[in-house]
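Visitor: Structure incoming, see below.
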Amino acid sequence: MTSRISIARPAGGQGYTSSYTPDPHNLSNSRSPSGYKAVNPDDPIEKLRAFAQQAEDYIDIYTQPLRPHLPAIGRFLIVVTFLEDALRIMTQWGDQLWYLQRHRKFPWGISHFFLLMNVITMLVGSGAVITKRHTEFAVGGLLGVVIIQGFGYGLIFDLNFFLRNLSVIGGLVLVMTEAMFTNKKRFAGLPSISETDRKKYFLLAGRVLLIFLFLGFILQGEWSIARFFLSIVGLAACGMVAVGFKAKWSAAFLVIVLSIFNVFANNWWSVHSAHPQRDFLKYDFFQTLSIVGGLILLVNMGPGGLSVDEKKKTY
């Protein structure tokens with residue numbers, strides 16, 4: 001994580017016409033994605049709305065084969081940054097001890113215990129998240145690692161670190177929410193708040209926290225026309241995720257954008273192993289993968305009750 005040192009929706013909504021045809025892709029989706037048309041073709045808002053409906057339908061159709069596997073993929077990607085960090089500490093044990101004792105003034109023995117507990121917690125917690133065993137304790141342990149490492153390595157007040165880790169925390173919150181969907185009994189308690197209400201609030205918190213990655217992206221690096229355009233589009237998609245408007249579509253869009261950006265911008269494998277920039281690029285790469293995992297869980301679960309999409313269904 002932070003051990004980086006220099007070394008089937010109802011058809012016929014208002015305003016649209018819809019037709020039912022057999023699924024041309026044989027993916028058990030009975031509605032054709034081209035069923036939505038703008039009532040007024042000259043109205044740009046109607047065109048945009050019809051396009052969003054079609055895009056959402058395409059996502060539903062083409063993710064059907066992957067849908068049973070999306071939760072497992074999302075959980076693995078969310079914890080991959082913890083697994084990579086545990087491996088880094090073990091392979092750079094001496095360098096980590098030197099940094100903690102020399103620059104962070106950890107006493108001998110305390111620095112060893114600090115690193116050992118981080119490695120154990122990250123490995124055990126990540127394994128529990130992937131296998132869906134004792135998820136609430138695993139998420140709590142990994143949240144503790146994020147906070148403790150922030151103080152231990154002196155990065156808690158670094159703005160970019162803070163924003164990125166808020167997004168990682170958002171992914172962990174979504175892991176907890178997914179566990180609520182699949183195992184209600186583990187989260188019994190809080191009699192004044194129903195199970196459904198807790199899921200809604202957790203989903204809202206996870207959605208909002210996930211978007212902080214893009215704020216960090218905007219605040220760092222040099223500006224260019226391409227970067228400006230990507231920032232505007234990304235911020236719009238992040239806002240849609242946060243308020244839960246076309247959340248599945250916008251989350252899927254961010255998954256694609258972040259995945260492409262991650263490969264080209266954080267290509268740590270192309271940097272020489274002795275170059276100090278390699279560690280920082282690898283850190284950014286795996287953290288971005290974790291946030292992509294959170295977005296994948298969001299695509300699978302939907303935005304929840306506290307969202308514009310859910311309110312539109314109600315009305």
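The values are calculated or read from the model by the stated rules, or taken from the named source; none is laboratory data. The model shown is predicted, which means the values in this text are computed figures rather than measured ones. Cβ placement follows ideal geometry from the backbone for every residue including glycine, while neighbour counts extend to all protein chains displayed.
Visitor: Among the numbered criteria (1) crowded, with 21+ Cβ neighbours inside 10 Å; (2) not in a helix (DSSP H, G or I); (3) not aliphatic (A, V, I, L, M), which single criterion is violated by Gly293?
Guide: (2)
Visitor: Given the condition surrounded by fewer than 23 Cβ atoms within 10 Å (Cβ to Cβ), part of a loop (DSSP other than H, G, I, E, B) and β-branched (Val, Ile, Thr), answer yes or no: does some residue in the stretch 258-270 qualify?
Guide: No.
Visitor: If you don't mind, there's one more thing I want to ask. Select the helices (runs of 4 or more DSSP H) contained entirely in the stretch 84-160, then report the ones holding at least 1 residues which are under 24 Å from Leu289 (Cβ atoms) and within 25 Å of the chain's Cα centre (by Cα).
Guide: So the answer is 110-131, 135-152.
Visitor: Condition (residue is surrounded by fewer than 16 Cβ atoms within 10 Å (Cβ to Cβ) and modelled with pLDDT of 85 or more) applied to the stretch 243-256: is it met by at least one residue?
Guide: The answer is yes, given that some residue of the stretch 243-256 is surrounded by fewer than 16 Cβ atoms within 10 Å (Cβ to Cβ) and modelled with pLDDT of 85 or more.
Visitor: What tally of residues in the stretch 65-115 results from selecting those that are over 25 Å from Gly154 (Cβ atoms), surrounded by fewer than 19 Cβ atoms within 10 Å (Cβ to Cβ) and of a type in the set (Lys, Arg)?
Guide: Total meeting the criteria: 1.
Visitor: Any idea which of (1) in the same structural domain as Ile256 (by TED's automatic domain parsing); (2) in a helix (DSSP H, G or I) is the one Ala50 doesn't satisfy?
Guide: Just one mismatch for Ala50, condition (1).
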